[in-house]
Amino acid sequence: MKKKLVFATNNAHKLDEISSILGEKVELLSLKDIHCHVDIPETADTLEGNAMLKAEYIYKNYGLDCFADDTGLEVEALNGAPGVYSARSAGGGGPYAAADFVMSIYAGGEGHNAEANMQKLLQNMQGVQNRKAQFRTAICLILDGKKHLFEGIVKGEIIKEKRGSSGFGYDPIFVPEGYTKTFAELGNETKNKISHRALAVEKLCRFLKA
Ligand code: IMP
């Protein structure tokens, strides 16, 4: 019998990406599938904290096995920013408070603000020689009430101008280590094999199969 697992997201990109990695043994349910229409707050100051907040919300309110993820782009020359604030405003605090003037511009969710976020990052990196960055994904799984954390990291660098049209978010300006193309040029098939999310999900899968 297929194992039912809620993935605390409605992001179609991520659902596709992750269900193709998990394979047919798992029936992946979205928030919409379980009729959860709440925008679960992501108020923690770490990726792990946000993943936990979302998974705990589902477990507490629906009593279902579930997992949630949070991803950030961590740029070395910006002390790890935008990091946990890759999609939203940092407000007045957080671990990067000293650089809030930078972070406060990284606002918005999927799609409509990706362009603005990318442009802001490129602007903040003007003249910066060290282009090293990494995508980091944290996943929190709650299975039979127990929490488990998984992490996936892809190192790479931020280029100076956007290239490519597939993927989402910061994909057009991130070239993973060992490649010359951006995530957005590599296309979803390749990206889904090597991405930060894929690495974290692989760990999740190994754990689920063990
Ligand atoms: P989330 O926690 O997965 O929603 O990611 C937060 C933000 O990080 C997104 O809104 C994107 O801007 C960025 N991001 C996450 N994953 C990726 C990715 O695979 N490629 C490019 N940007 C990403």
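The values are calculated or read from the model by the stated rules, or taken from the named source; none is laboratory data. Keep in mind it's a predicted model, so treat the numbers as computed, not measured. Cβ coordinates were reconstructed from backbone atoms using ideal geometry, including for glycine residues, and neighbour counts include every protein chain displayed.
Here are a few things to note about the model shown:
- Qualifying residue in the stretch 80-103 (condition: modelled with pLDDT of 85 or more, among the hydrophobic types (A, V, I, L, M, F, W, C), in a helix (DSSP H, G or I) and more than 18 Å from PHE174 (Cβ to Cβ)): no
- The residues of the stretch 166-199 that are of a type in the set (Gly, Ala, Ser) and either out of contact with any helix residue (DSSP H, G or I) (no Cβ under 8 Å at 6 or more places or on another chain) or more than 13 Å from the ligand (Cβ to nearest atom) (or both), listed by number, are GLY178, GLY187.
- Filter result for ALA68 (part of a loop (DSSP other than H, G, I, E, B) and either in contact with a helix residue (DSSP H, G or I) (Cβ under 6 Å, 6 or more places away or on another chain) or away from the ligand (no atom under 16 Å from the Cβ) (or both)): no
- Count - residues of the stretch 123-158 that are under 19 Å from LYS181 (Cβ atoms), buried (at least 16 other Cβ atoms within 10 Å of the Cβ) and away from the ligand (no atom under 13 Å from the Cβ): 2
- From the options LEU5, LEU28, residue that is away from the ligand (no atom under 16 Å from the Cβ), surrounded by 13 or more Cβ atoms within 10 Å (Cβ to Cβ) and farther than 23 Å from TYR85 by Cα: LEU5
- Those residues of the stretch 46-83 which are of a type in the set (Asp, Glu) and within 13 Å of the chain's Cα centre (by Cα), in sequence order: GLU48, ASP69, ASP70, GLU74
- Per the conditions (1) farther than 22 Å from PHE207 by Cβ; (2) out of contact with any Phe, Trp or Tyr (no Cβ under 6 Å at 6 or more places or on another chain); (3) assigned to a helix (DSSP H, G or I), the sole criterion not satisfied by HIS13 is (2).
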